[in-house]
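**Q** Below you will find the structure I want to go over with you.
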Amino acid sequence: MNAPTAAPQGVNTLLLLFLVAAGFSLLSLLVPTGRFAEGQPLSLASFELGPTAHSLSLFAAGEGRGFLNFLFEGLVSGSRNGAAVGVIALVFIIGGSFGVVQASGAVDRGLLRLIALTGGRGWLLLSALFIAFSLGGAVFGMGEETIAFLALLLPLTDRLGLPRASAVMCTYMASQIGFASSWMNPFSVVVAQGIAGLEPLSGLQFRLFMWSAFTLVGLGFTLRYAFAHRQPGQKAAEVLQSPPPLDWADRLILLSVLATVVWIVWGVSTRGYYLPEIAGQFFTLGLVVGVICWLDRRMGANKVAEVFTDGVRALVPVALVIAAAKGLLWLLGGSDPHQASVLNTLLFSMAWVLDGAPPLLAAQGMLAAQSVFNFFVTSGSAQAAITMPLMAGLGDLVGVSRQVSVLAFQLGDGLTNLVVPTSAVLIGAIGVAGLSWSQWLQIVWRFELLLLALAACFVAAGVLMGLS
């Protein structure tokens, strides 16, 4: 197996947001504040300028605004039902619960068993893996984890005569397609919806259909490429002689994960569940899986608590990103359109440029902007933190709903992860498969254009359907 290509480290997300905050602070000293008149629809005509400078210092006490206060102010903003406090609490609980699920080993053994059950039917093997990893990207935000599975899968695809690129497609590519079209990804969709002031998991039915469509298109491309470049090989049953069995605990854990996803979808769509209820559902998953592991003696009670804590700890950077996002808004004077702020002036300026553009065109511009921005900031949560405060308000001014603004963000961010050379995970994945970036780009560039065209269609459909 070829050694992984060294992946670019890039700029730390928190450092990037700190630099953005510094830039916003300087901007707030130069740009006048403005507000939109109360009792009127948000429009260019209802905007009025305020003072020529924003009241911002390096450090402030009491109710003042200071650059060095922005992270704390972001952390304590919102409530149990909104960003940042509520969303951060949800993300921490999700991280802890997923930590317990992953430490149980049931997911790993389930995937290996899935490979074995497909026998010598290569098309069935690739199909099952593609759907599984697409679900992983949609539900768990799977990304880096695909590299480990890819290294495990490559010997199998080599023996089957399948091209190595097909192994990347049914793992990394599938996870990013699921990530981009997800209805519940806690690291992009939920963060962006929280920043935009939308209910988490809102627009569920539309996104479920969108995920299905993107997954089918991705699977079709993977199968077509794999069998167009297949060489003679062995049957899968001969390659994987003794797959690890699934015991009663593994089966219960996998059923618990599935049942939780169904429970959340049911609760949000029929009972109006919100952040507190969704967090409780995820905690229930972690508790149930922990009890199963304890009964099966694969983890003691202390170990379950430790892996839950480790899962929470792993998501501290995401929590800081969410807090920084709210802190950036605070530095610019807040997001209330009727209170004088620099953000309102920036929104007015951007809307002025797009004045007269129909919502369909404006939404496509948002999608294009998010796609280009992902070249520089490949972290989904960081991109949400930087762009959503502006894009959500801009959508209000040009007639694009905030739900469509989030849709443009998640598609532009996730789909370009398949080709941007600044993505460390992409470079690592294709490096494990022994492919250079130029070789990978030659394989997928037409497919990437197809995905972006499909994304444009879904964004247009969101506008036409009044997705909100």
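Nothing in this text is a laboratory measurement; each read-out follows from the coordinates by a stated rule. This is a predicted model, so every value here is computed, not measured. Cβ sites come from the backbone with ideal geometry, for glycine too, and all protein chains shown count toward neighbours.
**Q** What whole-number distance in Å separates the alpha-carbon centres of the range 67-97 and the range 150-229?
**A** Rounded to whole Å, the Cα centres lie 28 Å apart.
**Q** Roughly speaking, what is the stretch gain from Leu117 to Ala22, that is 0.36 nm per residue apart minus the C-alpha to C-alpha distance, in nm to one decimal? Kindly include the intermediate steps, with their values, before the conclusion.
**A** Details: separation 95, 0.36 × 95 = 34.20 nm, distance 5.45 nm.
The Leu117-Ala22 span can extend by a further 28.7 nm.
**Q** Report, in degrees rounded to the nearest 10, the 0 to 90 angle that the Cα long axis of helix 359-373 makes with the longest principal axis of the chain.
**A** It is inclined by approximately 70 degrees.
**Q** So, one more: Loop sites only, by DSSP: take the GluC sites (Glu not before Pro) in the chain that have at most 14 other C-beta atoms within 10 Å and name the longest stretch containing none of them. It would help to have the intermediate numbers written out before the result.
**A** On the way: sites that count: Glu38, Glu63, Glu144.
It works out to 145-468.
**Q** Could you list the residues of the range 382-398 with an amide nitrogen less than 16 Å from a label point located 7 Å from the Cα of Ala45 in the Cα-to-C-beta direction?
**A** 397-398
**Q** I would also like to ask the following. What's the angle, to the nearest 10 degrees (0 to 90), between helix 402-415's Cα axis and the longest principal axis of the chain?
**A** In the chain, helix 402-415 runs at an angle near 40 degrees to the longest axis.
**Q** Another one. Which of rounded, prolate or oblate describes the range 312-468 when judged by the alpha-carbon gyration tensor and an a/c cut-off of 1.5?
**A** oblate
**Q** Next question, about the same structure. On full extension of the chain, what length is gained from Ser349 through Trp294, given 0.36 nm per residue of separation minus the C-alpha to C-alpha distance?
**A** Stretched out fully, the Ser349 to Trp294 stretch lengthens by 14.0 nm.
**Q** Compute the FRET efficiency between Thr284 and Asp310 as 1/(1 + (r/R0)^6), taking r as their Cβ-Cβ distance and R0 = 25 Å, and round to the nearest 0.05. The partial results should precede the final answer.
**A** Numbers: r = 19 Å, r/R0 = 0.77.
The formula returns an efficiency of 0.80 here.
**Q** Hey, how many Å between the Cα centroid of the range 300-368 and the Cα centroid of the range 424-468?
**A** 23 Å
**Q** Continuing with this model, one more query. In terms of modelled amide H atoms, which long-range or inter-chain residues lie less than 5 Å from the amide H of Gly66?
**A** Those qualifying (amide H under 5 Å, at least 5 residues apart or on another chain) are Ser57, Ala60.
**Q** Continuing with the same structure: Which distance in nm do the two modelled labels at Leu361 and Arg271 give, with both placed 7 Å along the Cα-to-Cβ direction?
**A** Inter-label distance under the simple model: 4.7 nm.
**Q** I've got another one for you. Please compute the modelled spin-label separation between Arg251 and His229, points set 7 Å along Cα→Cβ, answer in nm with one decimal.
**A** Label-label distance for His229 and Arg251, simple model: 3.9 nm.
**Q** Now for a separate question. Can you tell me the 0 to 90 degree angle between the C-alpha axis of helix 85-104 and the longest principal axis of the chain, rounded to 10?
**A** Orientation of helix 85-104: about 10 degrees from the principal axis.
**Q** Evaluate the relative contact order of the chain (contact order divided by residue number), counting alpha-carbon pairs under 8 angstrom at least 6 apart; express in whole percent.
**A** 27 percent
**Q** Something else now. How much FRET efficiency would the formula 1/(1 + (r/R0)^6) give for His338 and Leu441, where r is the Cβ-Cβ distance and R0 is 60 Å, rounded to 0.05?
**A** Working: r = 48 Å, r/R0 = 0.79.
E between His338 and Leu441, to the nearest 0.05, is 0.80.
**Q** So what's the back-of-envelope 222 nm ellipticity for the chain, counting only DSSP H runs of four-plus at -39500 (n - 2.57) apiece and dividing by all residues, rounded to 500?
**A** Working: 21 runs with 310 residues, N = 468.
The per-residue figure over the chain is -21500 deg cm²/dmol.
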